[in-house]
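S.K.: Structure provided below as structure tokens; questions to follow.
The values are calculated or read from the model by the stated rules, or taken from the named source; none is laboratory data. Every value quoted in this text rests on a predicted model; they were computed, and no experiment measured them. Glycine also receives a Cβ, built like all others from the backbone with ideal geometry; neighbour counts cover every protein chain displayed.
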Amino acid sequence: SASTSTDAPAEVASARTSATPKGLAAEAARRRTFAVISHPDAGKSTLTEALALHAKMISEAGAVHGKAGRRSTVSDWMEMEKARGISVSSTALQFNYKSGESDPDEPVSVINLVDTPGHSDFSEDTYRVLTAVDAAVMLIDAAKGLEPQTLKLFQVCRHRGIPVITVINKWDRPGQTPLELLDEIHERIGLTPTPLYWPVGIAGDFRGLLRRGEDGAPREYIRFTRTAGGATIAPEEILDADAAATRDGSDWDTAVEESELLSASGQDHDQEMFLAGQTSPVIFASAMLNFGVRQILDTLVALAPAPGPRDDVKGVAREVTDPFSAVVFKVQAGMDTSHRDRLAFMRIVSGVFERGMVVTHAQTGKPFTTKYAQTVFGRERSTVESAYPGDVVGLVNATALAPGHTLFTDKKVEFPPIPSFAPEHFSVLRAESASKYKQFRRAVEQLDSEGVVQVLRNDIRGDAAPVMAAVGPMQFEVVAARMKAEFSVEARMEGLPYALARRTDAESATELGRQRGVEVFTRSDGVMLALISDKWRLQYLQKELPELTLEPLVATA
Ligand code: GDP
């Protein structure tokens, strides 16, 4: 989505010149695609706005709040999400950003911020989004430190090898000491924090940032000035050490001492360790006051990886300069009941996307035309004309597409499926009325293929009452709402008394079936899952029957 028909940035060359291998490599190199991982209230929305203020927003993919009147056509489950205050408003924002430090000849960077949906609740969507990014910003509230949802999302980043930049937010408010916060990160998740910018002034008295060099030595003092209500970019004064000492004496001295302590304990930035997920650059900020926001963008540009090659199912790398390919990472259906809207969001892996091109859907081998596919941008639907590796494009009415699917041109490719995450909530689903059984089955099949929930079956329960497994309980409500709106089926759900799922196999299934508090199922992807009542039951099984296969799924907790 580098250029849209309504707002084409002047810096972006035409798709034609950028479609050459050299042009493509340059387009990929100037892109950074990332997500913010945080616990509700840490300041993700505030930071997003602050980033938009510092960069030039190009486009917004997937906004659902359309023109006046459109709102009435959004379906029940969207209403439900809105009623619960969950942000579904945009899937990806795209900014142009020119770092203050880069030389004038350096190209403008294109920043793609992919939203992690699910605000106070979780769904698999939240995790799938992380398959579409090259880096994550872990946003932490300075007073609260690491919180549960941040931890869950961090584990997914670690599992996928996504490098993490840490931002400690709300430094304008009283909080913990900076060294305490770093200790917590190190001790609880084993990530070594390597601050790039150290706060001058305690939490609640945020004066500015000491910029640390690669060797940890203080480079300069970036002193901020508050603006009214934090509504505009905070003016910065750049001071050298002498000027800093004169200006903010003891606060500056404390920052210098603490920075030296960090160097003494080896907490200086190392690019290889960062990319390997062992260390995390740290920036202190106040999203509300716009302090440290430019530094976050500069860090993304300087250190976060640009879109690179991705391995296909055979382990062969698809290079960014190869012909077009993309992975679908999210499908949003039922946004507009009158049109049976179904938006599939893809992240481009290689080549150039030009609207109208005919691509192949790897899972069916069928051609898929993007000619009539609209893309939703901002308040109005407009079309995306071209896009490059790292960009996110929404395709309308892409009925056959599901998360994990591949689209390509020319050179055949299929990327590995997106892993299903460990479900923690389980419910039996039944149609209220037996006469609607056919619709019920179709609905289950459809929602399963879209990855709305995981569907589990076993011979004992049969097909009439499949078990739904979800990462977050809201997924069940989405199922019920969509069954009603799209298939006219009233469905009933009963929670099951299981709290854990473990991967098992046919050999272990018989013995597990005899155990109390355990039930074995087959998921629609063929994986056998043992649902277990609680962790004590699991520990008992592991101790008493160590020969049984009970492997953790992709960790979410
Ligand atoms: P989200 O739930 O992570 O999207 O968090 P929001 O951006 O909605 O912020 C939650 C609350 O924290 C709001 O009341 C914000 O005004 C406030 N907030 C966000 N960033 C800061 C900050 O840097 N300093 C202070 N003092 N408050 C902040």
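S.K.: Kindly indicate whether ALA135 is touching a Pro at 6+ places or on another chain (Cβ under 7 Å) and modelled with pLDDT of 70 or more.
M.R.: Yes: the conditions hold for ALA135.
S.K.: Would you check if VAL444 is more than 17 Å from VAL527 (Cα to Cα) and of a type in the set (Val, Ile, Thr)?
M.R.: yes
S.K.: Further question on the same structure: When region 156-171 is examined, which residues are found to be within 16 Å of the ligand (Cβ to nearest atom) and more than 17 Å from GLN271 (Cβ to Cβ)?
M.R.: If the condition is that a residue be within 16 Å of the ligand (Cβ to nearest atom) and more than 17 Å from GLN271 (Cβ to Cβ), then VAL167, ILE168, ASN169, LYS170, TRP171 are the ones that fit.
S.K.: Continuing with the same structure: Got at least one residue in region 275-284 being among the aliphatic types (A, V, I, L, M) and surrounded by fewer than 21 Cβ atoms within 10 Å (Cβ to Cβ)?
M.R.: Taking every residue of region 275-284 in turn, at least one turns out to be among the aliphatic types (A, V, I, L, M) and surrounded by fewer than 21 Cβ atoms within 10 Å (Cβ to Cβ).
S.K.: While we're here: Examine region 278-285 for a residue that is closer than 17 Å to ARG173 by Cβ, in a strand (DSSP E or B) and of a type in the set (S, T, N, Q), and state whether such a residue exists.
M.R.: No, the conditions are met nowhere in region 278-285.
S.K.: Okay, moving on. Do the conditions hold for GLU519, that is, is it among the acidic types (Asp, Glu), within 27 Å of GLN446 (Cβ to Cβ) and part of a strand (DSSP E or B)?
M.R.: Considered against the rule, which asks whether it is among the acidic types (Asp, Glu), within 27 Å of GLN446 (Cβ to Cβ) and part of a strand (DSSP E or B), GLU519 comes out as yes.
S.K.: Is it the case that region 474-494 has a residue that's buried (at least 20 other Cβ atoms within 10 Å of the Cβ), assigned to a loop (DSSP other than H, G, I, E, B) and in contact with a His (Cβ under 8 Å, 6 or more places away or on another chain)?
M.R.: Looking for residues that are buried (at least 20 other Cβ atoms within 10 Å of the Cβ), assigned to a loop (DSSP other than H, G, I, E, B) and in contact with a His (Cβ under 8 Å, 6 or more places away or on another chain), one finds none in region 474-494, hence no.
S.K.: Which one of these is away from the ligand (no atom under 16 Å from the Cβ) and either under 20 Å from ASN290 (Cα atoms) or in contact with a helix residue (DSSP H, G or I) (Cβ under 7 Å, 6 or more places away or on another chain) (or both): PRO174, PRO235?
M.R.: PRO235
S.K.: Does ILE140 satisfy being in contact with a strand residue (DSSP E or B) (Cβ under 8 Å, 6 or more places away or on another chain) and more than 16 Å from the ligand (Cβ to nearest atom)?
M.R.: no
S.K.: Report, by residue number, each residue of region 510-540 that is among the hydrophobic types (A, V, I, L, M, F, W, C) and within 35 Å of the chain's Cα centre (by Cα).
M.R.: VAL518, VAL520, PHE521, VAL527, MET528, LEU529, ALA530, LEU531, ILE532, TRP536, LEU538
S.K.: Tell me yes or no: at least one residue of region 316-338 is within 21 Å of ILE418 (Cβ to Cβ) and of a type in the set (S, T, N, Q).
M.R.: Checking region 316-338: at least one residue is within 21 Å of ILE418 (Cβ to Cβ) and of a type in the set (S, T, N, Q).
S.K.: Confirm whether ILE296 is closer than 23 Å to ASP183 by Cα, within 16 Å of the ligand (Cβ to nearest atom) and outside any strand (DSSP E or B).
M.R.: Yes, satisfied.
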